[in-house]
Each structure stands twice: as C-alpha cells, then as structure tokens.
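Down below is the structure, laid out as structure tokens.
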Amino acid sequence: MTFRQTNLIDHALAALDTARMLDSTAHPWSRANPAQNQHSPEPSERDRQLIAGLMRINHTGEVCAQALYLGQAAVAESPDTRAHLLQAAREEHDHLRWCAARLGEVGAQPSLLNPLWFAGSYAIGAAAALFGDRISLGFVVETERQVEAHLDDHLDRLPLADVRSRTILETMQREEVEHGQHALDRGAVELATPIRRMMGGCADVMRFIAYRI
C-alpha cells in the first residue's frame, strides 16, 4: 500500500483497504516468517490453549499498532515522520501475519473483534497526530514500551518447547524496540502520566478480551 500526499479521504480509504486484508500474504513487501525453519513438537491440549490465547493477543496487538501508525501517518506534519510511521506499519503487518500463521498451526483463530480494534486504533492515531509530530511520536514510544513489556511476559509464559512462537515473539520484540528508538531519535516527547496510564488500561482490556475472543 502506498500513501499519497493528497487528503484524509484518500488515507482513510487506503486504511480501510488495509483493514480488509489484515491477514493477506499478497503484499510484495512482506517478509519471511522467522520461525519457518524452527520446529516445535505438537503441544498438549493445555499448552495449545495457552499458545493460542497468547498469540491471539499478540496478533490483535499488531492489528492495533498497525492501525495506530496508519492513523498517525494520515495527518503527520512532515514527510519524514510519515515515512517512519508507514515503515513501522509495514513491519507491524509482517508481525501480525506471523502471529496469524502460528495461530493456524495450533488450530486457533484471530480475535473476532479485530475490525473494531483496527478502527479504534486508527482513530486514536489520527487524533494523536493532530497535536503535532513530536507528540505523535511520543505515542509510538509509549506503545512500543508497553508492547515490549507484554512480550517479555509472554516469553516467560510460553511452553519451553514452543520454539516457533518464541522465535516469532523475539523477532517482534527486537523490532518494537527499534520502532521506539527511532521515534525518540526523531524528537518524540514523553507523554503525560495520565495518558500513559490510560494507554496501559486500554491495553489491559484488549489483552483480557483478545485472549478469549
């Protein structure tokens, strides 16, 4: 998907097209799954349910992150910020494809509410970007900090034998850290504590629901 510097309607239509193809493998810039050469034994039913729940959370998290960055890119002030956000969104799309693939391997489905998560996150991203690039980039930094923390938790909770899921999450975590650092390098400002807490609360709600639905 390519964004043109035209108007918000163009950007919104492009975002809707992205939402429609959340799990598509047709994008020419999609990267190979980092777990493609890894092997994990068939999990027990208990482990399968745990893996499915955790990977569904991570898939939904990538849906939200991609939508957030697309919303921010739609109203970004500078071409450099827009390019950074679109690159991050492309990598988040790869992440969600990898998570979707692992979900399929354990016989599970992504969250049924992903279209709602996408729409809400896109709106939040666009609203944040209205306050300027530095604040918008601050949302990137805080988002990636929270994602890094919950990936740490998931890596601790995954069954030790689940090498495929672990490889995917470790790759994702490295790239999330890079996204946050790149935003800091571009002048991101620290968000106010109430905003960071609100973001954390929303993420907790998402994780609780996505694990189950």
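The values are calculated or read from the model by the stated rules, or taken from the named source; none is laboratory data. Note that the structure is predicted; figures quoted are calculated from it, not measured. For neighbour counting, all protein chains shown are included, and Cβ atoms are generated from backbone atoms with ideal geometry for every residue, glycine included.
Kindly indicate the residue of the range 154-194 that is free of Cβ contacts under 8 Å to residues at least 24 places away in the same chain and aliphatic (A, V, I, L, M) and also surrounded by the fewest Cβ atoms within 10 Å (Cβ to Cβ) among those meeting that condition.
LEU160
How many of the residues making up the range 65-104 are surrounded by fewer than 18 Cβ atoms within 10 Å (Cβ to Cβ) and within 20 Å of ALA52 (Cβ to Cβ)?
So the answer is 1.
Mind checking which residues of the range 195-213 are free of Cβ contacts under 8 Å to residues at least 40 places away in the same chain and of a type in the set (Phe, Trp, Tyr)?
The answer is PHE208, and nothing else.
Do we find that THR143 is in contact (Cβ under 8 Å) with a residue 24 or more places away in the chain and either in contact with a His (Cβ under 7 Å, 6 or more places away or on another chain) or polar (S, T, N, Q) (or both) in this structure?
yes
Among VAL140, VAL177, which is within 25 Å of ARG97 (Cβ to Cβ) and in contact with a Gly (Cβ under 8 Å, 6 or more places away or on another chain)?
The match here is VAL140.
For GLN109, which of the numbered conditions (1) part of a helix (DSSP H, G or I); (2) of a type in the set (S, T, N, Q); (3) over 14 Å from ALA73 (Cβ atoms) fails to hold?
(1)
Going by what's in this entry, would VAL140 be described as part of a helix (DSSP H, G or I) and surrounded by 15 or more Cβ atoms within 10 Å (Cβ to Cβ)?
Yes; evaluated as a whole, the condition is true for this residue.
Can you pull out the residues in the range 135-168 that are modelled with pLDDT under 95 and basic (Lys, Arg)?
Result: ARG145, single match.
Out of everything in the range 195-209 that is of a type in the set (Gly, Ala, Ser) and surrounded by fewer than 16 Cβ atoms within 10 Å (Cβ to Cβ), what residue ends up being farthest from ALA129 (Cα to Cα)?
GLY201
Report whether or not ALA32 is more than 30 Å from ILE209 (Cβ to Cβ), of a type in the set (Gly, Ala, Ser) and either at pLDDT 90 or above or in contact with an Asp or Glu (Cβ under 8 Å, 6 or more places away or on another chain) (or both).
The answer is yes for ALA32.
Could you list, in sequence order, all residues of the range 153-194 that are of a type in the set (D, E, K, R) and under 15 Å from the mean Cα position of the chain (by Cα)?
Of everything in the range 153-194, those that are of a type in the set (D, E, K, R) and under 15 Å from the mean Cα position of the chain (by Cα) turn out to be GLU170, ARG174, GLU175, GLU176, GLU178.
In the range 104-117, is there at least one residue being at pLDDT 95 or above and among the charged types (D, E, K, R)?
Yes: one or more hits.
Taking the range 170-206 on its own, how many of its residues are assigned to a helix (DSSP H, G or I), under 21 Å from LEU86 (Cα atoms) and hydrophobic (A, V, I, L, M, F, W, C)?
Residues meeting the conditions: 4.
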